[in-house]
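Undergrad: Starting off with a structure, shown below.
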Amino acid sequence: MIRIRIRSIVLGALLAGAIGALPAQWAAAQIGPAAKGVPDGPMQISWEVRNRFRLFREERDFLLHTESARGRSVLSSEQALELQSDGRGWARNTVNRLCIDLAGRVNEPCTRDNVRESYLTPTDHPVVMRLTGQVPVGATCAWSLDDGEGPPRQSTLDCAEQVNFRARYGRPTVASVEVSSGPEAPQRVTAEIMVRDILIAGLGDSIASGEGNPDRPIALSDEGFCFRSYLGTAGAQYYRPSRAGYKGGRACEAPDTLANWQRQSALWLNAACHRSLYSYQTRTALALAVRYPHIAVTYLPLACTGATIADGLFSTQRARECPPTKSAASCQGTVNAQLTELREAVTAAGRRQPDRKLDLVLLSIGANDINFSGLVADVIVDTPTERVLFRRTGVMGSVDDSRAALARDLPQGFGKLREALKPLVGDMSRVVYVSYANPTLADGGTPCPGGRAGFDIHPSFNAEPQRLASVSGYVQNEFLPQLKALALCQSGILCGDPAADRMTFVDAHQAAFADHGFCARAQNDPEFDRECFSVKGESFDADIVTAANQPMLCGRSAGEYRAYLPRARWIRDANDSYFAAMTYPQGLPSSSQPEDIHDATWGILSAVYGGAVHPSAEGHAAMADAALPAAASVLQLNEAAPEVISEPAAPVVIAPGARR
């Protein structure tokens, strides 16, 4: 007889089929194959945690990703899911099946696969195991599970069947199985099962939140919707695709309330912050759960579009928009500080489980601190009237102003952020800072040429080539290098203890983005994009009579646009932003709120506030591919398993009357 002791991760394949509800007690699983060992190897107990991305309430949503991820990167998995969903996106239904509601509140407890669990402090985890290797055909397995509390739980099954049970949090379970086959002497195999639950928080700005990628995109109508221009004359009107299902006035002379318009909004994991399941932070946390079957991942998404270090991380900030079910009048308009939310969650978890710690923070911050959105406005807003108005209101920025903030304000902000994060993470290497990608590059790093292509959703937009080249060079040669220095305490950046204050820094994705900026195009881009988004910037009918019924010059329905199909560009342009999200930012100050939904302010904001010049789902997946190895290294998930020890063992004696 051989006893095989397995005390570390045994890697295997993932579950193959959807699994129904689990009872609290262990039982034979009526499902497909579980994690398998080597078929020709010695017998061993293979196991994995079920539905181990704990944000998902239903295992079918997790299994969708384990199936798609087989042999694929996060990016290639995302592309496969995009094709599988016909561009409608895998998150469109998953977003309603989470342990965090659409207002950002954690469900405590959360019912996951029909079992009530504490989200922040689970007491146990669902595990599935089976015997793998050279298992005799028709053998019988007498299983025993001992977690140190009470007598071992026992059951006898055919060895081809899987076993489900719930493993106690923070405590090993010794699983043993006696294998009987015909006249041969029984064999005994043992394994120590220990689930590691990892608590991950996501912090930062719009890049961190997933801006540009609503979990359920806006549905568009074939008919046009009228916006005014700032000139205010009768002829200063233009039509763009309307929201499907909108029954109010579409002409500029027929004003309607914002509440009616909002009922057809895009759906986000959190509307106030434009948090999305497609964000690189969510995809990184999910990818860890998919790749490592012996862990569970408890994930807290806290990033918020528009956040700066001061306004967003340390203090409240303005909301982007209200949930679609609420009227504009009921919009609270502010979002709690991310560090406050994180501190409260960690403190609450520590009270219930003293050993519960924050294992990892995913972070992207700094772009709003140097007014990157102002630089974007300076590049794409081209008509004199709008430029004057935006400059007066501070919407438009300059490279010189941004450079001053980069040198003066951002280092101070990073210093304060470090001091705030240290008590939460202890070791600053547990803060994985994922840098931005330059959104303006294509063809191996050449700045985009500019023009109206991708930006003709608004009549005043035009990516002016010289301003674009200036901003692109500033981002590449000054902003991104300074962020790296700030995260790693390099190039004269003052850190109290550089060795202890360095964050884990990720920028491996930047090289890939050099081919996929907002101007990148390919012959295999979606057919709608190729036919309807003009490379000359002439996508929409300028005749307000005919455009009222069909605003697209290509003659196709705007509803054919698919936000989640593979594209050469991994950066949303303004056309993408409008067609995917069409956001009316209700969190703006009251002085900036327009009088009605046809107002010129709404026209320009709806074209950019849904994620223009932000990564697409493919871009976020590429960022997750870069962040994943760094996160796994910090969490020490890639350590090699020790050698399996084999030794003779005495036969197992089953006491009379014991449950088999």
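Undergrad: Does anyone have the angle between helix 59-68 and the longest principal axis of the chain? Alpha-carbon axes, 0 to 90°, nearest 10?
TA: 80 degrees
Undergrad: For the chain, take the longest principal axis of its alpha carbons; what is the angle in degrees between that and the long axis of helix 384-393, to the nearest 10 within 0 to 90?
TA: It is inclined by approximately 60 degrees.
Undergrad: Specify the angular offset, from 0 to 90 degrees and rounded to the nearest 10, of the alpha carbon long axis of helix 74-84 from the longest principal axis of the alpha carbons in the chain.
TA: Between helix and principal axis, roughly 80 degrees.
Undergrad: Just from the alpha-carbon atoms, what are the Rg and Dmax of region 374-423 in angstroms?
TA: Cα-based Rg and Dmax for region 374-423 come out at 15.4, 50 Å.
Undergrad: Ok, one more. Over the chain, with every protein chain in place, what whole percent of the accessible area is carbon and sulfur at 1.4 Å, could you tell me?
TA: Heavy-atom surface of the chain belonging to carbon and sulfur, 1.4 Å probe: 51 percent.
Undergrad: Sticking to Cα atoms, compute the Rg of region 339-466 to one decimal and its Dmax as the biggest Cα-Cα distance, whole number, in Å.
TA: Rg then Dmax for region 339-466, in Å: 20.2, 61.
Undergrad: Spelling out what I want: for every residue of region 358-371, take phi, set θ = phi - 60°, compute 6.51 cos²θ - 1.76 cosθ + 1.60 (Karplus), and round to whole Hz; glycine and proline get x.
TA: Using θ = phi - 60°, the values come out as 7, 8, 7, 10, 9, 9, 9, 7, x, 5, 6, 5, 10, 6 Hz.
Undergrad: In addition: Tell me the accessible surface of ARG70 in square angstrom (1.4 angstrom probe, heavy atoms of protein chains only), to the nearest ten.
TA: 90 Å²
Undergrad: Additional query: Put one equal scatterer on each alpha carbon of region 48-145, apply the Debye formula with no solvent term, and list log10 I(q)/I(0) at q = 0.15, 0.22, 0.23 1/Å to two decimals.
TA: Summing over Cα pairs of region 48-145 leads to -0.78, -1.13, -1.18.
Undergrad: Students sometimes get this wrong: rank PHE314, PHE372 by accessible area, probe 1.4 Å, all chains present, largest first.
TA: Per-residue accessible area, sorted high to low, gives PHE314, PHE372.
Undergrad: Still on this structure, I have one more. Before anything else, pin down the relative contact order of the chain: Cα pairs under 8 Å, at least 6 apart, normalised by residue count, whole percent.
TA: Over the chain, the number comes to 18 percent.
Undergrad: Enter the mean projected area of the convex hull around the alpha-carbon atoms of region 550-590, in nm², rounded to one decimal.
TA: Averaged projected area of region 550-590's Cα convex hull equals 4.5 nm².
Undergrad: Still on this structure, please answer the following. Top to bottom by accessible area (1.4 Å), largest first, where do ASP61, ASP256 land?
TA: ASP256, ASP61
Undergrad: Ordering LYS422, LYS247, LYS484, LYS357 by accessible area with a probe of 1.4 Å, largest first, what comes out?
TA: Heavy-atom accessible area, descending, gives LYS247, LYS357, LYS484, LYS422.
Undergrad: Still on this structure, please answer the following. Based on the Kirkwood radius over alpha-carbon pairs, what is the Stokes-Einstein translational diffusion coefficient of region 458-572 at 4 °C with 1.567 mPa s viscosity, in µm²/s?
TA: Roughly 72 µm²/s, to the nearest whole number.
Undergrad: Per DSSP H run of n ≥ 4, the term is -39500 (n - 2.57); total these for the chain, divide by its residue number, and report the mean residue ellipticity at 222 nm rounded to 500 deg cm²/dmol.
TA: -7500 deg cm²/dmol
Undergrad: ALA442's amide H: which non-local residues (gap 5+, or another chain) put their own amide H closer than 5 Å, with H modeled 1.01 Å from N in plane and none for Pro or chain starts?
TA: For ALA442, whose amide H was placed from the backbone, the distant partners under 5 Å are CYS448, GLY517.
Undergrad: Using only the alpha carbons of region 224-326, determine the length spanned along each of the three principal axes and report them from longest to shortest in whole angstroms.
TA: Here the Cα extents, ordered largest to smallest, are 64, 33, 23 Å.
Undergrad: Considering all projection directions equally, how large on average is the shadow of the alpha-carbon convex hull of the chain, in square nanometres?
TA: For the Cα atoms of the chain, the hull's average projected area reads 30.7 nm².
Undergrad: Here's a follow-up. Rolling a 1.4 angstrom probe over the protein heavy atoms, how many square angstrom per residue are accessible across the chain?
TA: For the chain, the per-residue accessible area is 39 Å².
Undergrad: Per residue of region 540-552, in order, report the coupling 6.51 cos²θ - 1.76 cosθ + 1.60 (Karplus, θ = phi - 60°) as ³J(HN,Hα) in whole Hz, putting x for Gly and Pro.
TA: Once θ is set to phi - 60°, the couplings for region 540-552 become 10, 6, 7, 7, 6, 6, 6, 5, 4, 9, 8, x, 7 Hz.
Undergrad: If you don't mind, there's one more thing I want to ask. Quick check on packing: order 211-217, 435-441 by the mean number of other C-beta atoms within 10 Å, highest mean leading.
TA: Sorting 211-217, 435-441 by mean packing, highest first, produces 211-217, 435-441.
Undergrad: Considering amide H positions built from the backbone, and no H for Pro or chain starts, which residues 5 or more places from LEU55, or on another chain, come under 5 Å of its amide H?
TA: Distant-sequence amide H within range of LEU55: TYR299.
Undergrad: Give the long-range amide H neighbours of VAL535: residues separated by 5 or more places, or on another chain, with amide H under 5 Å away, using H modelled in the peptide plane at 1.01 Å from N.
TA: none
Undergrad: Can you give the accessible area of ASP222, probe radius 1.4 Å, in Å² rounded to 10?
TA: Result for ASP222: roughly 80 Å² accessible.
Undergrad: Still on this structure, I have one more. Can you tell me, using C-alpha contacts under 8 Å and at least 6 residues apart, the relative contact order of region 292-435 as a whole percent?
TA: Computed over region 292-435, the figure is 24 percent.
Undergrad: Take the alpha carbon atoms of region 449-513, find their radius of gyration, then divide it by 2.2 N^0.38 Å using N residues; give the quotient.
TA: Against the compact-globule rule of thumb, the ratio is 1.61.
The values are calculated or read from the model by the stated rules, or taken from the named source; none is laboratory data. Keep in mind the model is a prediction, meaning the values are calculated, not measured. Neighbour counts are summed over all protein chains in view; Cβ atoms, including those assigned to glycine, are modelled from backbone coordinates with ideal geometry. SASA here: full protein model, heavy atoms, side chains in, ligands and nucleic acids out. Shrake-Rupley method; radii C 1.70, N 1.55, O 1.52, S 1.80 Å.
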